[in-house]
Amino acid sequence: MYSKELLSIKKSNRFRTRDVFDKNLIDLASNDYLGQSTNKDIFQKAYERVLEEQYLAPKASMLVNGYNQIHKDFEDKLCAINGFEAAVTVGSGFLANISMIEALCRKNDTLFIDEEYHASGILATKLLRDEQVVVFNHNDYKDLERKISDDTRKGRKIIAIEGVYSMGGDLAPIEIFDIATKYEALLIVDEAHSSGVIGENLLGIFDYYDIKPAYNHIKMGTLGKAYGSYGAYILASSEIIDFLTNRAKPIIYSTAPSLFDIALGLESLKYIVENKQTLKHNIQEHLKIIKEILDIESQSLIIPIDFGDNKKVKEIQAMLQEKGFLVGAIRQPTVKSAIIRLIAKIDINKEDLIEVCKILKELKC
Ligand SMILES: Cc1ncc(COP(=O)(O)O)c(C=O)c1O
């Protein structure tokens, strides 16, 4: 029934498959930035924490009786550490983006969204009316300001950006935070790739720019990346969290996040806070290698190397795999121009990172 569509996907080298990769491959492709997915100590602690509960599964939506002390402990810790008034855990970052964009953008409000915002946010804009959505050029704060100041609609202004962009690895500019303040706009920041990786306390972009959370700030973070678990959270004022709890459909009509995943997120958060100096040191060491060999100055651990050809990046990926390395081959339409996406995970030893960087440098020349 879909053979024609599949054929056309294949013809344009856009056909995707799910593969179970050889576990001996050196992982330079996943978002496990800190190597937390192999941290058995936090896994054990989370497991023991869940075993203290009478019920080991959430069993229901948070608004019925799926909300557990484990969710609350995690939310309280997130608020205390990040300086936000309130928090809510959500099943995944994908659902968190759907929740925020669909629920917070009311009829007369206008959403200004970066063109490179994650697919989940872009999907959520399809639930809004066309006139409610304005897309601005990636990280172009002047374009944003032009569009925001031209807006004549009478509702709220809402801006949606990422802390670190998932494909380019670049950071949102601080000017966007200033624009949000100037125009009293709500600012949604997706910190999927920034929390755990940037900032004085490895908390993400607010921390990186030393911005104190205000009433108009919303921070979303995921647990499936640097935190080595699964799930997500939203941090904001109590009023916004109350509103989301009352209006966001993925929060109301979905089973509460898994107790184990949230317990693991909490243990991971504690670990990151306690070990931040070592983790930061290791991040800097890896970024130094990237700079020295590939001449790429990055603040994040996402290193995109542009080859501009869907077929070529798949070939490079296959060749590196033969040598024992797994890197991402990201193709159109996910990115405008095909890239090898190298994740400079800090659990990878330096010699391996140096070797793969040298190979990629050769290929670029
Ligand atoms: C920027 C960004 N936001 C949101 C998500 C979705 O998060 P999750 O994997 O927890 O659904 C991702 C995941 O790839 C992402 O890269």
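The values are calculated or read from the model by the stated rules, or taken from the named source; none is laboratory data. Bear in mind the structure is a predicted one, so any value in this text is a computation, not a measurement. With ideal geometry, Cβ positions are generated from the backbone for all residues, glycine too; neighbour counts draw on all protein chains shown. Remember, those area values only see protein heavy atoms, side chains included, never the ligands or the DNA or RNA. Shrake-Rupley method; radii C 1.70, N 1.55, O 1.52, S 1.80 Å.
Computed quantities for the displayed model
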{"item": "Of F307, P173, L266, farthest towards positive along the dipole that unit charges on Lys, Arg, Asp, Glu beta carbons give the chain", "result": "F307"}
{"item": "Segment 190-348 - Rg and Dmax from Cα coordinates, angstrom", "result": "18.3, 53"}
{"item": "Heavy-atom accessible area order for F177, F94, largest first, 1.4 Å probe", "result": "F94, F177"}
{"item": "In Å², nearest 10: area of K182 left accessible to a 1.4 Å probe", "result": "140 Å²"}
{"item": "Heavy-atom surface of the chain, accessible at 1.4 Å and reported per residue (Å²)", "result": "49 Å²"}
{"item": "Farthest toward positive dipole pole in segment 14-114 [+1 Lys/Arg, -1 Asp/Glu at C-beta], among L34, V90, A46", "result": "V90"}
{"item": "For the chain, with +1 on Lys and Arg beta carbons and -1 on Asp and Glu, the positive-most of N201, Q332, Q284 along the dipole", "result": "Q332"}
{"item": "Amide N of segment 324-347 lying under 12 Å from the label point, which is placed 7 angstrom from the Cα of I9 along Cα→Cβ", "result": "333"}
{"item": "Choice from E85, E191, E131 with maximal GNM fluctuation in the chain (Cα, 10 Å cutoff)", "result": "E131"}
{"item": "Most mobile listed residue (Q44, Q317, Q284) in the chain, GNM with C-alpha springs under 10 Å", "result": "Q44"}
{"item": "Kirkwood-based shape ratio for the chain, expressed as Rg/Rh from alpha carbons", "result": "0.97"}
{"item": "Segment 301-362: C-alpha pair distances exceeding 12 Å, %", "result": "66 percent"}
{"item": "Cβ charges +1 (Lys, Arg) and -1 (Asp, Glu), total dipole of the chain, debye", "result": "1160 debye"}
{"item": "Accessible area of segment 130-288 belonging to carbon and sulfur atoms, whole % at 1.4 Å probe", "result": "48 percent"}
{"item": "Of all DSSP beta bridges in the chain, antiparallel share, percent nearest 5", "result": "50 percent"}
{"item": "Within a Gaussian network of the chain (alpha carbon springs, distance under 10 Å), most fluctuating of K45, K77, K336", "result": "K336"}
{"item": "Cβ charges +1 (Lys, Arg) and -1 (Asp, Glu), total dipole of segment 1-57, debye", "result": "580 debye"}
{"item": "Amide proton proximity set for A86, modelled H, under 5 Å, gap of 5+", "result": "A236, S238"}
{"item": "Test item: Cα-centred dipole of segment 79-189, Lys/Arg +1 and Asp/Glu -1 on Cβ, debye", "result": "500 debye"}
{"item": "Residue pairs, from the table K182/K212; K291/K350; K157/K336; K59/K270; K72/K212; K225/K276, whose Cα atoms sit over 20 Å apart", "result": "K157/K336; K59/K270; K72/K212"}
{"item": "Q277 paired with Y215, simple spin-label distance in nm, labels 7 Å along Cα-to-beta-carbon", "result": "4.0 nm"}
